[in-house]
Amino acid sequence: MTDFDAIVIGAGNAGLTAATALQRGGARTLLLERHNIPGGCATSFIRGEFEFEVALHQLSGMGTEKSPFIMRKIFTDLGIMDQLNVVEERELYRVVLPSIENKDHEIDVTLPANIKALKKTLIAHYPDESENIEAYLTLCEKLSLECFMMLPRAQKTGDQTVLESTCPLYIQYGLTPSKDVLNEFFTNKDLKAVIAAYWCYIGLPPKDIPFCDLAVMIYAYAAFKPCHVQGGSQAISSALLESFLAAGGKVLFNTGAEKILSEDNQVKAVQTEHGDIFSCEHVISNTSPLHTFNELLDIPTPQQASDDMKSRRLGTSAFVLYLGLDCTPEELGVTAASNFIIDDRDEEVAFETMQGIVDPTHTMLTCYNHDDPTFAPPGKSSISLLCLQYSQAWQDLPVEEYAQAKYDFADKLIDHAERVFPNIRKNIEEVEVATPLTMMRYLNTPGGAIYGFQQNTQDAAMFRERINAIQGLHMAGSWNGMGGFQPTYMIGESTARAVLKKLKNTQSEIKQQELSHA
Amino acid sequence: MPNSSSAKNNILHAVKGYQEALDHQQELIKTGTDFNEQKGQVANTIATLHPKRLQLVVSEVIEDTASTKTLRFKAEGIVLPPFQAGQYINLFVNIEGTETARPYAISSAPQQRGYYDLTIKRVADGYVSHYLLDDVKAGDRFQSTGPMGTFYHNPLFHGDDLVFLAGGSGIAPARSMIINMIENTLTHRKAAQKLHLVYASSYEADVIYENELKQLEKEHDFLTITWLISRPTEKYTGRTGHVNAELLTELLGSDLEKLQRKMFYICGPTSFHDFCAQQLEQLKVKARRVRIECNGPPKHPETLTGWPQDLIASDKVSVTINKADGTQGQFEARVDEPLLNSMERNGYSAENACRSGECSLCRVKVVKGSVFNPQEARLRSTDEAYGWCHSCVAFPTSDIEIMV
Ligand SMILES: Cc1cc2nc3c(=O)[nH]c(=O)nc-3n(C[C@H](O)[C@H](O)[C@H](O)COP(=O)(O)OP(=O)(O)OC[C@H]3O[C@@H](n4cnc5c(N)ncnc54)[C@H](O)[C@@H]3O)c2cc1C
Ligand code: FES
């Protein structure tokens with residue numbers, strides 16, 4: 001018998017979910033994590049009186065207690081829903097394009113987290129486009145429903161007429177570049193910038209995002225509410241780990257996987273950085289395919305994986321300032337948890353600046369204790385100030401210059417945000433700076449990528465085949481689906497389901513063999 | 001075209017943009033790679049900035065005072081990683097078969113990439129300090145963590161008006177910061193920064209780096225030093241006493257606004273930290289203008305609030321260790337000894353660096369029984385509910401079973 005039925009490499013969202021679902025489904029599972037805590041991106045860290053959320057801005061897919069959505073079901077199935085204190089957010093976000101000379105901001109719009117109110121707000125700001133707004137939001141809603149319900153069914157039938165009759169909007173708009181759809185519906189540039197602000201959560205400008213992704217995002221967040229969890233995403237990670245352990249799972253922290261050992265293209269075992277070898281039937285890798293196939297696997301990268309990677313491009317990383325401020329959110333002028341501060345209505349300008357270490361033009365400020373007062377000590381504020389950025393420029397810096405470059409850029413980021421929230425700097429009590437290289441260090445991802453590969457249209461799962469060249473090796477994480485919290489929890493869960501099914505099949509095969517031998 | 005042909009996707013050709021996406025995919029394949037050329041890049045990039053372990057060799061042992069030596073460590077094979085003045089490394093030692101470690105601030109400046117200096121003062125009832133002072137000689141080999149910690153000048157908000165309150169060996173990071181400021185001033189000519197060092201020692205003979213610091217003070221306008229001896233000999237003519245509010249007011253003035261603009265760094269023994277922090281609080285200096293270096297586990301946990309009433313320091317409990325491979329071990333430990341220390345003495349270990357409750361590397365899960373977590377333990381909000389503790393500052397208060 002093998003040491004374990006399954007070994008999960010990495011305790012990020014997908015790894016934790018997969019491990020927990022596997023163990024609870026009866027598979028003897030070992031979870032390996034090179035860091036000292038569970039969560040990957042979904043962690044927190046402490047500085048002074050503050051516990052900073054590393055990555056979660058707005059959790060999607062939860063729904064409310066009254067009308068729950070898919071994540072509640074998944075968390076219930078994983079045995080952790082009753083441990084989470086969910087905080088609903090009141091606003092989707094605020095978008096500000098600050099004025100240059102101390103005048104009123106050129107754009108300053110806050111979108112409420114409610115479909116009806118969202119429509120009303122947009123129309124109030126842009127009355128000339130009221131019909132377009134109605135039409136656009138209706139399209140987002142209907143298209144989302146097609147994506148959730150009809151499209152998977154139509155794909156199952158393999159019948160084009162079914163697709164045509166049930167997914168007319170998807171056919172017309174689903175894979176169209178978001179930019180084209182925005183241009184088709186709206187003329188006002190401000191409005192386009194405001195309504196597309198969630199592009200940051202994908203990391204590509206609207207011209208490169210298929211419209212289904214952008215539409216689902218705004219519709220789902222508005223309909224099912226953005227949420228947070230008390231204690232941050234670490235609370236979810238810790239609860240998952242606890243559920244995994246309670247079901248009998250084994251975990252090793254500070255223990256990276258060093259090799260995936262195979263025989264005849266079949267997974268046999270995993271060797272840890274400390275030299276221990278554990279045999280198993282299945283490996284679920286929560287780390288990048290680059291690391292998994294090119295570095296962990298003990299044979300040359302299989303052609304199938306190599307081909308798949310050739311059409312991918314590394315996704316973005318981020319530069320983040322974690323700020324503990326000695327003032328309340330009100331004193332700071334915070335009126336929504338999530339804020340996008342933009343210099344330009346054209347997202348492509350922002351995307352350009354993401355390539356190097358240049359003055360930021362697009363920052364995102366999240367105030368965690370705006371909706372959840374427990375998130376910071378009384379009288380203080382817990383803030384993350386983020387700007388998407390690729391890592392290359394940081395990798396090119398001589399190590400001696402790294403620290404200074406980090407502070408210089410952090411200073412600029414604060415300057416950028418201070419045009420809307422002027423009192424940040426003078427209230428700093430704690431600050432931690434994370435560059436793309438910091439992400440690389442803690443996530444072990446190439447380029448410090450936070451969402452996996454670049455998520456352009458052809459990157460989507462529907463353009464991909466499952467890489468099955470190595471029997472028993474499964475990928476689960478942001479690299480083989482969408483990045484972000486909900487998608488990675490979901491892929492962890494579905495991968496576990498697939499593995500459990502396989503385990504069941506081999507077990508019944510073995511039983512049958514035993515019977516026929518008897 | 002490996003991916004587009006599967007049957008379930010064929011119908012998607014009806015979708016506008018599907019073919020374009022496929023074409024784009026083909027285009028990307030032509031210019032893309034399978035990233036094999038990047039093999040090892042992530043690990044190398046991380047290792048140049050934040051290596052997990054350094055291989056060090058003692059190149060020199062410098063006698064500072066009767067109770068203090070500076071050990072100079074050179075790297076074997078690699079260049080030492082950069083650090084920020086004030087940071088520490090955790091030095092792993094093997095003392096008669098016991099594997100343990102202690103964090104020490106780097107007392108040399110970041111510009112010096114050839115070696116790290118660690119300045120070791122004897123701790124009367126200590127363990128590792130005696131070994132480092134009495135047994136270590138040039139040529140001895142060690143492992144350490146990379147530089148760590150958050151006790152350093154952060155230009156984002158610390159400002160240019162700095163005050164360093166050092167007690168005893170707490171001078172080590174101060175020395176690094178001072179030399180760093182000199183080097184920075186030389187290269188950037190940014191002379192606005194100033195530093196007032198208040199350096200308290202017990203005895204005149206204990207003062208570390210006395211001559212060097214006096215010389216530096218003479219040569220550099222940005223540096224002011226106030227020397228303080230708490231147990232002077234009769235012939236001592238300098239300042240005596242403690243770093244109290246009165247002294248600070250005398251040295252720094254009483255203008256609250258000016259005080260608030262300064263950044264205070266405190267490093268020394270735990271009692272020194274507590275005392276200085278209190279004095280600053282009394283002067284109404286806000287917490288955000290004070291940085292306190294961590295300094296190991298509390299020496300007498302039994303005196304702290306929250307300690308179980310009926311438990312005395314010399315009580316012993318049994319510790320059971322569950323390993324992931326299914327094996328178990330067991331030993332006895334005193335309730336006033338940090339869990340990590342008793343684990344190490346009995347041949348178990350957990351990753352560690354700060355040994356002060358801050359970095360969370362030494363996290364272990366208590367599956368049965370209870371531990372006392374002092375305020376040094378910077379636990380995450382969900383840790384206690386699930387039994388996770390930082391073993392370097394956790395004290396077993398009943399028979400316990402832990403998972404490592
Ligand atoms: C971030 C940081 C930076 C520091 N920088 C400096 C510096 O630059 N210079 C300096 O001088 N000091 C510095 N210190 C303080 C320094 O780490 C301590 O002074 C040092 O730990 C003293 O070591 P010690 O073993 O002698 O004392 P302690 O560690 O306090 O010794 C007592 C401990 O040893 C344990 N022990 C006893 N016997 C055994 C055994 N057989 N096996 C295992 N454990 C045992 C006991 O449990 C007890 O808790 C720093 C501390 C920190 C946290
Ligand atoms: S070693 Fe850092 S918290 Fe224990």
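The values are calculated or read from the model by the stated rules, or taken from the named source; none is laboratory data. Here the structure is a predicted model, which is why all the values come from computation and not from measurement. Here the Cβ positions follow ideal geometry from the backbone for every residue, glycine too, while neighbour counts run over all protein chains shown. The area values use the complete protein model at the heavy-atom level, side chains included, leaving out ligands, DNA and RNA. Shrake-Rupley method; radii C 1.70, N 1.55, O 1.52, S 1.80 Å.
Conditions: (1) in contact (Cβ under 8 Å) with a residue 40 or more places away in the chain; (2) within 14 Å of chain A (Cβ to nearest Cβ). Residue B:100 meets all but one. Number of the miss?
Of the numbered conditions (1) in contact (Cβ under 8 Å) with a residue 40 or more places away in the chain; (2) within 14 Å of chain A (Cβ to nearest Cβ), the odd one out for residue B:100 is (2).
Please pick out the residue among A:70, A:115 that is open to solvent by 60 Å² or more (accessible area, probe 1.4 Å) and among the hydrophobic types (A, V, I, L, M, F, W, C). Before the answer, list the steps.
Working: A:115 fails: open to solvent by 60 Å² or more (accessible area, probe 1.4 Å).
Exactly one residue qualifies, and that residue is A:70.
Restricting attention to the stretch B:150-162, does a residue exist that is open to solvent by less than 20 Å² (accessible area, probe 1.4 Å), within 14 Å of chain A (Cβ to nearest Cβ), within 15 Å of ligand 1 (Cβ to nearest atom) and in contact with a Lys or Arg (Cβ under 7 Å, 6 or more places away or on another chain)?
yes
Considering only residues that are among the β-branched types (Val, Ile, Thr) and at the interface with chain B (Cβ under 9 Å from one of its Cβ atoms), look in the stretch A:381-437 and name the one that is farthest from residue A:362 (Cα to Cα). Explain how you work it out, then say what you get.
Here is the first cut: in the stretch A:381-437, the residues among the β-branched types (Val, Ile, Thr) are A:383, A:399, A:414, A:420, A:424, A:428, A:431, A:433, A:435.
In the following step, the residues that additionally are at the interface with chain B (Cβ under 9 Å from one of its Cβ atoms) were identified as A:399, A:414, A:428, A:431, A:433.
Working: A:399: 27, A:414: 12, A:428: 22, A:431: 20, A:433: 17 Å.
In this case the residue turns out to be A:399.
Could you tell me which numbered condition residue B:349 fails, if it satisfies all but one of (1) away from ligand 1 (no atom under 16 Å from the Cβ); (2) open to solvent by 60 Å² or more (accessible area, probe 1.4 Å)?
Going through the list (1) away from ligand 1 (no atom under 16 Å from the Cβ); (2) open to solvent by 60 Å² or more (accessible area, probe 1.4 Å), residue B:349 breaks only (1).
Check whether at least one residue in the stretch A:179-189 is assigned to a loop (DSSP other than H, G, I, E, B), open to solvent by 30 Å² or more (accessible area, probe 1.4 Å) and among the hydroxyl-bearing types (Ser, Thr, Tyr), and report yes or no.
So the first thing to find is which residues in the stretch A:179-189 are assigned to a loop (DSSP other than H, G, I, E, B), and the list is A:186-188.
Still in the list and also open to solvent by 30 Å² or more (accessible area, probe 1.4 Å): A:187-188.
Right, trim to among the hydroxyl-bearing types (Ser, Thr, Tyr) and you get A:187.
Within the stretch A:179-189 (the criterion being assigned to a loop (DSSP other than H, G, I, E, B), open to solvent by 30 Å² or more (accessible area, probe 1.4 Å) and among the hydroxyl-bearing types (Ser, Thr, Tyr)), the answer is yes, since at least one residue qualifies.
Name the residue that is nearest to ligand 2 (Cβ to nearest atom), counting only residues in the stretch B:319-350 that are among the acidic types (Asp, Glu) and in a loop (DSSP other than H, G, I, E, B). Explain how you work it out, then say what you get.
Step one: of the stretch B:319-350, the residues among the acidic types (Asp, Glu) are B:325, B:332, B:336-337, B:344.
Now restrict to residues that are in a loop (DSSP other than H, G, I, E, B): B:325, B:336-337.
Working: B:325: 23, B:336: 17, B:337: 14 Å.
Here the residue is B:337.
Hey, residue B:327 hits all of (1) open to solvent by 30 Å² or more (accessible area, probe 1.4 Å); (2) modelled with pLDDT of 95 or more; (3) not assigned by TED's automatic domain parsing to the domain that holds residue B:208 but one; which does it fall short on?
Looking at each condition in turn, residue B:327 falls short on (2).
I need a count of the residues in the stretch B:43-84 that are open to solvent by 30 Å² or more (accessible area, probe 1.4 Å) and of a type outside the set (Val, Ile, Thr).
19
If I ask for residues that are touching a helix residue (DSSP H, G or I) at 6+ places or on another chain (Cβ under 7 Å) and either in a loop (DSSP other than H, G, I, E, B) or among the aliphatic types (A, V, I, L, M) (or both), which ones from the stretch B:243-279 would you list?
B:243, B:244, B:245, B:248, B:252, B:259, B:262, B:263, B:266, B:268, B:269
Being in a helix (DSSP H, G or I) and open to solvent by 20 Å² or more (accessible area, probe 1.4 Å) is the filter; apply it to the stretch A:214-260 and report the residue that is nearest to the other protein chains (Cβ to nearest Cβ). I'd like the intermediate steps shown before the answer.
Applying the first criterion (in a helix (DSSP H, G or I)) to the stretch A:214-260 yields A:214-224, A:233-246.
Restricting the remaining residues to those that are open to solvent by 20 Å² or more (accessible area, probe 1.4 Å) gives A:216-217, A:219, A:223-224, A:242, A:245-246.
Working: A:216: 15, A:217: 18, A:219: 19, A:223: 24, A:224: 24, A:242: 5, A:245: 8, A:246: 10 Å.
Applying the filter and picking the extreme gives A:242.
Take residues that are surrounded by fewer than 20 Cβ atoms within 10 Å (Cβ to Cβ) and tell me which of the helices (runs of 4 or more DSSP H) falling wholly in the stretch A:390-465 contain 3 or more.
A:392-396, A:399-418
Go through (1) open to solvent by less than 40 Å² (accessible area, probe 1.4 Å); (2) more than 14 Å from chain B (Cβ to nearest Cβ); (3) assigned to a helix (DSSP H, G or I) and name the single condition residue A:506 misses.
The number of the failed condition is (1).
Could you give me the residue pairs with C-beta distances under 8 Å whose first residue belongs to the stretch B:353-373 and is in contact (Cβ under 8 Å) with a residue 40 or more places away in the chain, whose second residue is aromatic (Phe, Trp, Tyr) and within 14 Å of ligand 1 (Cβ to nearest atom) wherever it lies, and which are 6+ apart or on separate chains?
B:354/B:88; B:372/B:395
How many of the residues making up the stretch B:116-149 are open to solvent by less than 50 Å² (accessible area, probe 1.4 Å) and within 16 Å of ligand 2 (Cβ to nearest atom)?
7
Keeping to the stretch B:85-115, report how many residues are within 16 Å of ligand 2 (Cβ to nearest atom) and open to solvent by 50 Å² or more (accessible area, probe 1.4 Å). Steps first, please.
Here is the first cut: in the stretch B:85-115, the residues within 16 Å of ligand 2 (Cβ to nearest atom) are B:87-93, B:99-105.
From the residues that got through so far, the ones that are open to solvent by 50 Å² or more (accessible area, probe 1.4 Å) too are B:99, B:102.
Result for the stretch B:85-115: 2.
On the given criteria, is residue B:335 free of Cβ contacts under 8 Å to residues at least 60 places away in the same chain, more than 14 Å from chain A (Cβ to nearest Cβ) and farther than 21 Å from residue B:293 by Cβ? Give the derivation first.
Working: free of Cβ contacts under 8 Å to residues at least 60 places away in the same chain: no; more than 14 Å from chain A (Cβ to nearest Cβ): yes; farther than 21 Å from residue B:293 by Cβ: yes.
Here the answer is no, as residue B:335 does not meet what is asked.
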